[in-house]
Amino acid sequence: MNLLRKPAIFCCLIISITSAKQLSAQHLDEVISFAGRQFELGNYQLSAKEYNRAVFFGAENQDLIYLKIAQCYFNTKDYALSNTFFDKSYFASSSDSIKTEAVLGKAFNNILQSRYMPALTELMNLDTMLSPSQEIKANFYAGIAYFGMNENQQAEEAFKACLEYMGREEKVALMEDEFDAIRKWGGRYNPKTAWVLSLIIPGSGQLYAGEVKEAVNSMALTGGLLYLSILLSRRYSFFEAVLTVLPWFQRYYLGGANKAEKYANEAFLRERYNSYRNILTLMEDE
């Protein structure tokens, strides 16, 4: 009896699974439509789940569905999982356009994680024949990635190409002015210059970086320590004055120089960020 039961159970399971798949196949359009509505409503986890169901039951155009799933996970900031589905979309597709969208999506994921080199590596895999909108995205992402890597010349070229594809050639000169400003600020707020100035005259490096209050503090501290060493040398001896004051003087003297270097770098980064925001504004839709 047992011998007859096992094959019967197995056959029932096969029939049930087959029927379930056939039944689900009749409603795949509804599942995909439901997933799309959930995406529009911002229910990205549910949308991804329903899209995955559609793939499991053999929906057509799986490359497009994988692309939607990747966008779902992108919107939930699960960039690792999003990249996985961008890869699935890329390898499942025979369409150059879909492959390009998958590569662009993965590149943007990397940019949002400040992984600029992997983003550029993805962009280098793009086909040379892109639609105008894809060219805009590709150059825009490349510009951000190069800018993040402090490769200003390459960033300028990429942003320029982006503006040209957008038909905004009149803004190219404004964008070039921003990069000229970045180069100017790089010379104006040179961290090494601030460090050397502070060693020559304590506080001058901070003044060079625009930190007047810090400059006054540094001058006062080092000046006060020098005055204290003179008093001690008169009352005791030069050797004892040096032993007493030198550790403190060295701490504030070198510390001031290091702070001056830091302030100059921060000042440059502030100005660079302001120019970056202005560049991005030039790219915005009018």
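Quick note: the coordinates plus some simple rules give every number you see, no bench work behind them. Values in this document were obtained by computation on a predicted structure and should not be read as measured data. Neighbour counts run over all protein chains shown; Cβ positions are idealised from the backbone, glycine included.
List Ile144, Ile136, Ile200 from most exposed to least, where exposure is judged by having the fewest other Cβ atoms within 10 Å.
Ile200, Ile136, Ile144
Could you please rank Lys88, Lys213, placing first whichever residue has the fewest other Cβ atoms within 10 Å of its Cβ?
In increasing order of surrounding Cβ atoms, one gets Lys213, Lys88.
Determine, for Thr193, Thr222, Thr76, the number of other Cβ atoms within 10 Å of each Cβ, and report the residues in order from fewest to most.
Ranked by crowding around the Cβ, least crowded first: Thr76, Thr193, Thr222.
So how far apart, in nm, are the two label points at Thr128 and Arg183 if each is 7 Å from Cα heading toward Cβ?
The modelled label-to-label distance comes out at 3.0 nm.
So how long is each side of region 45-106 along the principal axes, counting just the alpha-carbon atoms, biggest first, in Å?
29, 27, 12
Students often forget the sequence filter, so: which lysines lie under 25 Å Cα-Cα from Lys213 once same-chain residues fewer than 8 apart are removed?
Straight-distance partners of Lys213: Lys184, Lys192, Lys259, Lys262.
Excluding residues on the same chain fewer than 8 positions from Lys68, give the lysines whose Cα lies under 24 Å from its Cα.
Lys21, Lys49, Lys77, Lys88, Lys99, Lys106, Lys137
For region 16-158, just the Cα set please: Rg and Dmax, both in angstrom.
Rg then Dmax for region 16-158, in Å: 17.2, 63.
With the Cα gyration tensor of region 78-205 in hand, give its eigenvalues times 5 under a square root as the equivalent ellipsoid semi-axes, listed largest first in whole angstrom.
37, 20, 8
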